[in-house]
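Engineer: Quick one: the structure is below, and I'll ask about it shortly.
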Amino acid sequence: LRLSVPTMIKWGELRGGAFYSINGTDPKLQDFVMTPENSLCNYGSFYKVINFANSVIKNAPKVKSNDNTYYDAILNAHLCEAYFQRAYCYLLLVKNFKEVPLITEPYTDDSQNTNVAKSSEEDIIKQIKTDVETALETKAAKSTYENEWETKGRVTKWALYALMADVCLWSEDYDNCKKYCDLILNANTSGEQFYPRFLKNSNDWFTMFYPGNSNESIFELNWDYEQAKETNNFTNVFSLSSTSGLMFTKAANELLENEEQNTTARGDRDGRMNLATFVDINGTKYLWKYRGNDIADMEGGIRLQLDANFIIYRVAEIILMKAQADAMTGNIGEAISLVNQIRERAGVTTITNPETYNEETILDEILQQKEMEFFGEAKRWYDLLWLARVSNHKYKSKAIQYICDGNQTTKAEWIQSALIDNYAWYIPLPKNDIEYNQLLVQNPYYTK
């Protein structure tokens, strides 16, 4: 899964209008001119994770007959992690391809059938929910581990709750989304040191990224140069150069500058803007959360080693997921209260006129807070796609406008004409898979 992070970032950011790239095949994704030959269509690394997970799920129970030290508690803990990884990868695949082959048996030799048809999104979503429920039913998912990095870098019950909240929000199962968010937000965790909780003090914001494994984290992928001589494989996706990597778009720069000015005017020097999100080098802003420590300058603040972790879920996202679910179920006041938690920590004035908000305007606010809070964390595109899909495409034109406003490498007229087709919001299936899998049918938008 760690090897997949560069792809995860590009899938989650390039179409969202906050970042753009001029390198290689990246512009084809951000400009909605993908072809099946494009390397960013390759989902092989995620199916490798799925195959490892399938192997554990099928074979781990058999180990007990050969190893009497393989206790049920260890077995079930391993199963929990396998179910989580399989479910998480399938959710990523659904969000990017909509329909893919659903494979739940491990491939162990070349005699197995590799001709597998796509499953519907509904069937894959059902499998994801079943996997999370099965993992939770084992009661083996821990709340915390002895080591902090394990509590954040291995699957806990909090990670399973977060994943279930995510898939429920995606599938418009709002009541269950709120239920699983509340299991995290309202947990009775007295006496537990590392359980996930919202870091209310803006001075603590950057600790999520340096040194990482903060209390706000729910699940993150770990690298550690000091202990294991490991460096990550994604930091250069956000380089400190204007000729490579993902760069802030003009639209994102305006958001950054507005929030920076507003928070500075209020005397807030820390938090997600003035300390952490970006560093300004000769008038150009670069994403800083993966490259720096807690000092936003190139001399004293840059990391000595590129071993930043990559956060999959953190509590701020759970708060905003619940706000989305509340907004979609008519609980505008509760949604505003949740958004205000994020705004207050960011040093942004809180909403004091809730009576002026409705479903559409509070969703605008939620998605803006998610964009500002999660720059570079591979979330933005999925929020816009969710907005386009929700309530039978009620806000599709609004989502398209957001994309057009952010994109600076192709014409808005092209984006609008392409995204009229609901299948154009998804990536084409890889060319090699279409050629060698006789049952696999291409996304219909790419067969025109």
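Engineer: Residue by residue through the stretch 399-428, note down the ones that are of a type in the set (V, I, T), touching a residue at least 12 places away in the same chain (Cβ under 8 Å) and out of contact with any helix residue (DSSP H, G or I) (no Cβ under 7 Å at 6 or more places or on another chain).
Structural biologist: Once the filter is applied, which keeps residues that are of a type in the set (V, I, T), touching a residue at least 12 places away in the same chain (Cβ under 8 Å) and out of contact with any helix residue (DSSP H, G or I) (no Cβ under 7 Å at 6 or more places or on another chain), the stretch 399-428 yields only T410.
Engineer: Give the stretch 42-81 a look and list any residue that's open to solvent by less than 60 Å² (accessible area, probe 1.4 Å), in a loop (DSSP other than H, G, I, E, B) and of a type in the set (S, T, Y), or say none.
Structural biologist: Result: Y43, Y70.
Engineer: Still on this structure, I have one more. Quick one: which helices (runs of 4 or more DSSP H) sit completely within the stretch 154-231 and have at least 1 residues that are surrounded by 19 or more Cβ atoms within 10 Å (Cβ to Cβ)?
Structural biologist: 157-170, 174-185
Engineer: Do we have S119 as among the polar types (S, T, N, Q), open to solvent by 10 Å² or more (accessible area, probe 1.4 Å), assigned to a loop (DSSP other than H, G, I, E, B) and closer than 20 Å to W170 by Cβ here?
Structural biologist: yes
Engineer: Six or more apart or on different chains, Cβ atoms under 8 Å: show the pairs whose first residue is in the stretch 429-448 and within 13 Å of P101 (Cβ to Cβ) and whose second is open to solvent by 60 Å² or more (accessible area, probe 1.4 Å) and modelled with pLDDT under 95.
Structural biologist: Y436/T114; N437/T114
Engineer: Same structure, new question: R345 - would you say it is part of a helix (DSSP H, G or I), within 18 Å of D173 (Cα to Cα) and among the charged types (D, E, K, R)?
Structural biologist: no
Engineer: Condition (residue is modelled with pLDDT of 85 or more, open to solvent by less than 40 Å² (accessible area, probe 1.4 Å) and either farther than 22 Å from N23 by Cα or not in a strand (DSSP E or B) (or both)) applied to the stretch 272-281: is it met by at least one residue?
Structural biologist: Within the stretch 272-281 (the criterion being modelled with pLDDT of 85 or more, open to solvent by less than 40 Å² (accessible area, probe 1.4 Å) and either farther than 22 Å from N23 by Cα or not in a strand (DSSP E or B) (or both)), the answer is no, since none of the residues qualifies.
So that you can scan it fast, the table gives a plain yes or no per residue for (1) of a type in the set (V, I, T); (2) crowded, with 17+ Cβ neighbours inside 10 Å; (3) closer than 23 Å to Y436 by Cα; (4) within 15 Å of the chain's Cα centre (by Cα):
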{"residue": "L29", "(1), (2), (3), (4)": "no, yes, no, no"}
{"residue": "T35", "(1), (2), (3), (4)": "yes, no, yes, no"}
{"residue": "Y90", "(1), (2), (3), (4)": "no, yes, yes, yes"}
{"residue": "K98", "(1), (2), (3), (4)": "no, yes, yes, no"}
{"residue": "T104", "(1), (2), (3), (4)": "yes, no, yes, no"}
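Engineer: In the stretch 1-16, what residues are open to solvent by less than 10 Å² (accessible area, probe 1.4 Å) and not charged (D, E, K, R)?
Structural biologist: S4, V5, M8, I9, W11, G12, L14, G16
The values are calculated or read from the model by the stated rules, or taken from the named source; none is laboratory data. Here the structure is a predicted model, which is why all the values come from computation and not from measurement. Positions of Cβ are generated from backbone atoms using ideal geometry, with glycine treated the same way; all protein chains shown enter the neighbour counts. With ligands, DNA and RNA removed, areas are computed over all heavy atoms of the protein, side chains included. Shrake-Rupley method; radii C 1.70, N 1.55, O 1.52, S 1.80 Å.
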